[in-house]
Ligand code: HAM
């Protein structure tokens, strides 16, 4: 045998047993967002690198260190590290703002970041996200956070904490940046190399740092809420009032800044506690980005969104997958029975019953063992004797009951049994 090639570290295969759980998760998410009026958008996985530089921002970990970028025919391109930038580009490119006053968009798919792989942190991971364009909030901000908490509850994820902050608009952000630099300058020598550099390029990003040297300094840093402007404060208070009214619990975390530059005003994260999550416990992150549409060439348009990491949701949820193995296992015994089995299987599938035909032959015992292992509900045994008599034998595998059914009645007997849970 030749040497096998393994997958790239941090990029995972999803085998059929995994995919069953994924589909159950995705269908719950789709149902919840549909109930809130979101419509799905699909955008490319590859975009011009400049899109992320201008939105996520230079000086962020994502843009500085984690993007899978390459040059193709002299054009710098990047495999998307996140979904918002691409959706905003599409929103602007197709002039959606001119077609509808408010757009509620949903997306899901793989994202790529060259981070050190760990439990819950991968090079290729999946996000489901929503973006609302054209609504300044704060009502929609509260509705979105409440939708996320409700979604998690439906997934059985109840031990969560919602962290909330406001970064304010342009004015507040600029004031905060100044205040932060004033505070950090005297501590410069105690900071990590990255943070020293960011002091001039992107000081807000120092607050994202996980480096213990930075953490010590950050612990006493001023809060954005100290310098927040009146309008921004009123927006934040409005959001909090709506959440209070809904009874959706949250904790104000004044040092929450999140690692992307496009945010303004509302910021939030939902973290899971305990379970299998370990250190990567941020399930959902999001916030408002009122300046980004304009920044990327569209008209001034307020916007807010979030994305959930699907691997992390799966680590935290106990959601059970829908059955995805064939209901009916057809066991033909003998040459003539094979042809009959194929024809019957086709009729059953046309009637909507997932059916598998064992084509490899073998003893009845071995075939029934396989039917049981697959978790089929019914085994349909056809020998040449059954063909001669114009019947098939239906075995209810759970009840260990069996009976002969005339050929012409097989489809209705099976559909009834599958729906009613018995062949009798
Ligand atoms: P983000 O916080 O970078 O935000 O990512 C959102 C979620 O994606 C995280 O909370 C986490 O669950 C998951 N995630 C991120 N990186 C990884 C990774 N390497 N492995 C596994 N899961 C990961 C955004 O991406 C923004 N686009 C969210 C947003 C939408 N803001 C406004 N609209």
Across region 158-174, what is the total count of residues that are closer than 16 Å to residue 229 by Cβ and either modelled with pLDDT of 95 or more or in contact with a helix residue (DSSP H, G or I) (Cβ under 9 Å, 6 or more places away or on another chain) (or both)? 8
Qualifying positions in region 272-307 - near the ligand (Cβ under 9 Å from one of its atoms), in a strand (DSSP E or B) and buried (at least 19 other Cβ atoms within 10 Å of the Cβ): 283, 284, 285, 286, 287, 288, 303, 304, 305, 306, 307
Among the residues of region 233-242, are any out of contact with any strand residue (DSSP E or B) (no Cβ under 9 Å at 6 or more places or on another chain) and surrounded by 14 or more Cβ atoms within 10 Å (Cβ to Cβ)? yes
In region 343-362, is there at least one residue being in contact with a helix residue (DSSP H, G or I) (Cβ under 9 Å, 6 or more places away or on another chain) and within 14 Å of the ligand (Cβ to nearest atom)? no
With respect to residue 247, determine if the residue is over 23 Å from the mean Cα position of the chain (by Cα), on the phi > 0 side of the Ramachandran plot and surrounded by fewer than 23 Cβ atoms within 10 Å (Cβ to Cβ). yes
When you check residue 114 against the structure, is it under 19 Å from residue 282 (Cα atoms), buried (at least 17 other Cβ atoms within 10 Å of the Cβ) and touching a strand residue (DSSP E or B) at 6+ places or on another chain (Cβ under 9 Å), yes or no? no
Could you tell me which of the residues 131, 143 is surrounded by 15 or more Cβ atoms within 10 Å (Cβ to Cβ), within 21 Å of the chain's Cα centre (by Cα), more than 10 Å from the ligand (Cβ to nearest atom) and at negative phi? 143
Among (1) more than 14 Å from the chain's Cα centre (by Cα); (2) more than 11 Å from the ligand (Cβ to nearest atom), the one test that residue 260 misses: (2)
Given the condition part of a loop (DSSP other than H, G, I, E, B), without any contact (Cβ under 8 Å) to a residue 24 or more places away in the chain, more than 12 Å from the ligand (Cβ to nearest atom) and under 19 Å from residue 142 (Cα atoms), answer yes or no: does some residue in region 244-256 qualify? yes
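The values are calculated or read from the model by the stated rules, or taken from the named source; none is laboratory data. Quick caveat, the model's predicted, so the values are computed rather than measured. Every residue, glycine as well, gets a Cβ built from its backbone with ideal geometry; the counts of neighbours run over all protein chains shown.
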